[in-house]
1. If you work out Kirkwood radius over Cα pairs in Å from the coordinates, which of [x] 29.0; [y] 19.7; [z] 16.7 do you get?
2. Scanning the chain for helices, which whole DSSP H stretches are 15 Å or more long along the axis (Cα) and average 1.0 or more by Kyte-Doolittle?
3. With springs only between Cα atoms under 10 Å, which of 37, 21, 52 fluctuates most in a Gaussian network model of the chain?
4. Taking R0 as 35 Å, what's the FRET efficiency between residue 81 and residue 10 from their Cβ-Cβ distance, rounded to 0.05?
5. At 1.4 Å probe radius, can you tell me the per residue accessible area of the chain in Å²?
6. Using a 1.4 Å probe on the protein chains only, how many percent of the accessible area of the stretch 1-118 belongs to carbon and sulfur?
7. Under 16 Å from a label point 7 Å along Cα→Cβ of residue 40: give me every residue in the stretch 87-118 with its amide N that close.
8. Output the relative contact order of the stretch 5-97, whole-number percent, from Cα pairs under 8 angstrom with separation of 6+ residues.
Amino acid sequence: RPELVPSEFIFHDSAAHTACLERMLRDWACGHHMLLLGNQGVGKNKVTDRLLELLSYEREYMQLHRDTTVAALTQTPALTDGKLVWQDSPLVRAITHGRALVLDEADKASLEVVCVLRSLLEEGRMLLADGRRVAPVGSPPRPGV
């Protein structure tokens, strides 16, 4: 879906950003997960969006905070035709559709949320509260998981 590929944002290229993009591209090519650390306002999201734009890769975005719950990681409420419905969160959509996931402000998340995210990164799959099991697109099924 083209609307999920970052575009139409202002990116000011610099030597530091180019070097960061090159390192990120090497990690991307190896299939590594990435964690960008830096002070507020240094351009972590902009560099990430630029990389995904150059790769024409779809992105899901989720901002975490101290009140983010484990349940909020997997489902989000929405109003549809005046009714409250629960939809898959950006995290679940990223896994099931093979999109990049940007978790902003991950350092603000509770320990419980961090543990679930760590387990997901290590195991590569997750059991949802509604009984579904999600895994990256193309993952071979694992017995009992």
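1. [z]
2. On the way: long enough: 15-29 (21 Å, -0.11); 44-55 (17 Å, -0.34); 111-123 (18 Å, 1.12).
Long hydrophobic helices here: 111-123.
3. Its mean-square fluctuation being the largest, the pick is 37.
4. Working: r = 37 Å, r/R0 = 1.05.
Rounded to the nearest 0.05, the efficiency is 0.40.
5. Details: 9830 Å² over 145 residues.
Ligands and nucleic acids excluded, the result is 68 Å² per residue.
6. Working: 4320 of 7890 Å².
With neighbouring chains kept in place, the figure for the stretch 1-118 is 55 percent.
7. Within reach of a label on residue 40, which here means backbone N under 16 Å from a point 7 Å along Cα→Cβ, the stretch 87-118 contributes 104-109.
8. Working: 70 pairs, mean separation 24.8, N = 93.
Rounded, it is 27 percent for the stretch 5-97.
The values are calculated or read from the model by the stated rules, or taken from the named source; none is laboratory data. Only a predicted model underlies this, so the values are computations on that prediction, with no experimental measurement involved. No Cβ is skipped: glycine too gets one built from the backbone with ideal geometry, and neighbour counts run over all protein chains shown. SASA here: full protein model, heavy atoms, side chains in, ligands and nucleic acids out. Shrake-Rupley method; radii C 1.70, N 1.55, O 1.52, S 1.80 Å.
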